[in-house]
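A quick write-up on the structure given underneath.
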Amino acid sequence: MKSLNLRSIRLRSGEEYRDEIELELTPLEYGGQRYVPVPDTVPGQLVVSRASTGTVFQLRFVARLHGPCYRCLADAVVELPVHAREYQATNPEGSDELRNPYLVDDVLELDAWARDVIALALPDQILCRPDCKGLCPVCGKDLNVEPHEHEEAEPDPRWAALAQLRDELD
Ligand SMILES: [Zn+2]
Ligand SMILES: [Zn+2]
């Protein structure tokens with residue numbers, strides 16, 4: 001289900017519409033990487049409650065995204081339980097606060113809404129595991145597989161010569 005036409009459910013003030021829906025999720029770009037929902041169709045609960053002053057829209061679902069770990073680039077999975085809420089006033093009078101941005105001409109755009117709430121629910125860093133050690137900044141090897149440290153690099157002899165020269169000039 002990608003959208004819901006409110007005219008088709010004919011909700012009157014004081015009424016509530018509940019539906020178990022199938023949401024179609026799309027891959028998203030995050031931090032320059034691509035994250036793919038698996039599965040890409042998930043069950044969701046949609047509730048539309050109408051009062052005389054406005055309508056409340058609620059959407060719940062759980063998304064599972066697969067993509068590269070932020071630190072080591074190995075496969076990572078993130079599970080996001082989502083509960084989103086939007087409000088549309090009966091008379092919004094130009095105020096964006098009182099408007100549901102996913103409601104266009106009485107059609108609720110579920111796919112756009114689901115995509116945005118997933119993006120908002122994402123953690124700052126998607127990791128393969130919370131204590132991922134990442135890649136070595138010196139040689140690029142995976143520190144989870146091959147934990148290691150590098151010897152302190154020898155100072156470049158040319159810099160030493162320069163430092164000596166500077167000392168002599170002082
Ligand atoms: Zn990792
Ligand atoms: Zn290294």
Could you list, in sequence order, all residues of the range 13-35 that are out of contact with any Ser or Thr (no Cβ under 8 Å at 6 or more places or on another chain) and closer than 30 Å to L73 by Cβ?
T26, P27, L28, E29, Y30, G31, G32, Q33, R34, Y35
Subset of the range 10-26, residues without any contact (Cβ under 8 Å) to a residue 60 or more places away in the chain and surrounded by 14 or more Cβ atoms within 10 Å (Cβ to Cβ), comes to L11, Y17
Among the residues listed as D111, D75, D106, the single one being in contact (Cβ under 8 Å) with a residue 24 or more places away in the chain, open to solvent by 50 Å² or more (accessible area, probe 1.4 Å) and touching a helix residue (DSSP H, G or I) at 6+ places or on another chain (Cβ under 7 Å):
D106
Residues located in the range 69-105, provided they are over 20 Å from S3 (Cα atoms) and small (G, A, S)
A74, A76, G94, S95
Every residue in the range 47-67 that is without any contact (Cβ under 8 Å) to a residue 40 or more places away in the chain and under 18 Å from L28 (Cα atoms), please.
V62, R64, H66
Given L135, L108, which one is at pLDDT 95 or above and under 20 Å from L6 (Cα atoms)?
L108
Every residue in the range 104-147 that is within 20 Å of E22 (Cβ to Cβ) and in contact with a strand residue (DSSP E or B) (Cβ under 8 Å, 6 or more places away or on another chain), please.
V107, L108, E109, L110, D111, W113, A114, R115, V117, I118, A121
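Might you let me know whether the range 28-35 holds any residue that is open to solvent by 90 Å² or more (accessible area, probe 1.4 Å), farther than 20 Å from L110 by Cα, in contact with a Gly (Cβ under 8 Å, 6 or more places away or on another chain) and not basic (K, R)? Quick ask: steps written out before the conclusion?
So the first thing to find is which residues in the range 28-35 are open to solvent by 90 Å² or more (accessible area, probe 1.4 Å), and the list is 29, 34.
If we keep only those that are farther than 20 Å from L110 by Cα too, we end up with 34.
Now restrict to residues that are in contact with a Gly (Cβ under 8 Å, 6 or more places away or on another chain): 34.
Now drop any that are not not basic (K, R), which leaves none.
No.
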Report yes if L110 is within 16 Å of ligand 2 (Cβ to nearest atom) and touching a Leu at 6+ places or on another chain (Cβ under 7 Å), otherwise no.
no
Somewhere in the range 102-117, is a residue in contact with an Asp or Glu (Cβ under 9 Å, 6 or more places away or on another chain) and within 16 Å of ligand 1 (Cβ to nearest atom)?
no
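Which residues, taken from the range 42-53, are in a strand (DSSP E or B) and either surrounded by 15 or more Cβ atoms within 10 Å (Cβ to Cβ) or modelled with pLDDT under 95 (or both)?
At the first step, the residues of the range 42-53 found to be in a strand (DSSP E or B) are 42-50.
The answer is V42, G44, L46, V48, S49, R50.
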Check L65 against each of (1) buried (at least 19 other Cβ atoms within 10 Å of the Cβ); (2) more than 18 Å from the chain's Cα centre (by Cα); (3) not small (G, A, S) and name the one condition it does not meet.
(2)
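From P92, P81, P147, grab the single residue that is open to solvent by 60 Å² or more (accessible area, probe 1.4 Å) and away from ligand 1 (no atom under 16 Å from the Cβ). Full working, then the answer.
Values: P92 fails: open to solvent by 60 Å² or more (accessible area, probe 1.4 Å); P147 fails: away from ligand 1 (no atom under 16 Å from the Cβ).
Going through P92, P81, P147 in turn, the sole match is P81.
The values are calculated or read from the model by the stated rules, or taken from the named source; none is laboratory data. These figures come from a predicted structure and were not determined experimentally. When we count neighbours, we look across all protein chains shown, and the Cβ atoms used for this are built from the backbone with ideal geometry, even at glycine. Heads up: the accessible areas ignore ligands, DNA and RNA and are worked out on the full protein's heavy atoms, side chains in. Shrake-Rupley method; radii C 1.70, N 1.55, O 1.52, S 1.80 Å.
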